[in-house]
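Report on one structure; see the data block that follows.
The values are calculated or read from the model by the stated rules, or taken from the named source; none is laboratory data. Just so you know, these numbers come straight off a predicted model, no measurement behind them. Cβ placement follows ideal geometry from the backbone for every residue including glycine, while neighbour counts extend to all protein chains displayed.
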Amino acid sequence: MPPDPPLLVFYDEECGYCRWSVAQLLRFDRDRRLRLHAIQSPLGDRLLASVPGDLRLESAHLIDSDGNLSSGGDAAAPIAAALPRLAFAAPLLRRLTLPVNATYTMIAANRERAGRLVGSSSRERADRAIAAHQAAFRSEAQ
């Protein structure tokens, strides 16, 4: 059973690499602790209002159960901590803030190039995984 509420992860739904990346997280999210939403969604508009519009699509964003917002590499440790199979990495990610953020920034700046490395079939699988994950939350809510 997911925590109430789960961590909200906002990603760029128009970016194939971004969709593929968040789908990889779902492989570790057996307890449905993450809830994925597009940055471009009405919920993204509302909950990310404090992020200037021109910066919203530059990185993924996380809102935790206390309403705290983390963006880019700063979201890595809280996400890892929420996923039992990745929790071991959370303390290291917290200590290595500078290299984690630098790596995230480099990947985000080159996501179009990185996206070319992700084949269309991988992006399609990612889209199916995201849709199934979102459907599971909808069915639990009913």
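Worth a mention:
- Test for Ala132: is it closer than 16 Å to Gly16 by Cβ and of a type in the set (A, V, I, L, M): no
- Flag for Gly73 being out of contact with any helix residue (DSSP H, G or I) (no Cβ under 7 Å at 6 or more places or on another chain), more than 20 Å from Arg125 (Cβ to Cβ) and free of Cβ contacts under 8 Å to residues at least 60 places away in the same chain: no
- Tally of residues being surrounded by 19 or more Cβ atoms within 10 Å (Cβ to Cβ), part of a helix (DSSP H, G or I) and either among the β-branched types (Val, Ile, Thr) or over 15 Å from the mean Cα position of the chain (by Cα) (or both) across the range 1-50: 1
- Residue tally, condition closer than 18 Å to His61 by Cβ and either among the aliphatic types (A, V, I, L, M) or outside any helix (DSSP H, G or I) (or both), over the range 126-142: 1
- Hey, Thr97 touching an Asp or Glu at 6+ places or on another chain (Cβ under 8 Å), among the hydroxyl-bearing types (Ser, Thr, Tyr) and in contact (Cβ under 8 Å) with a residue 12 or more places away in the chain or not: yes
- Inspection of the range 63-81 identifies at least one residue that is closer than 22 Å to Arg32 by Cβ, surrounded by fewer than 18 Cβ atoms within 10 Å (Cβ to Cβ) and among the hydroxyl-bearing types (Ser, Thr, Tyr).
- Filtered by the rule that a residue be basic (Lys, Arg) and modelled with pLDDT under 95, the range 73-118 gives Arg85, Arg111, Arg113, Arg116.
- Any hit, the range 97-114, residues being touching a Gly at 6+ places or on another chain (Cβ under 6 Å) and either crowded, with 18+ Cβ neighbours inside 10 Å or within 15 Å of Tyr11 (Cα to Cα) (or both): yes
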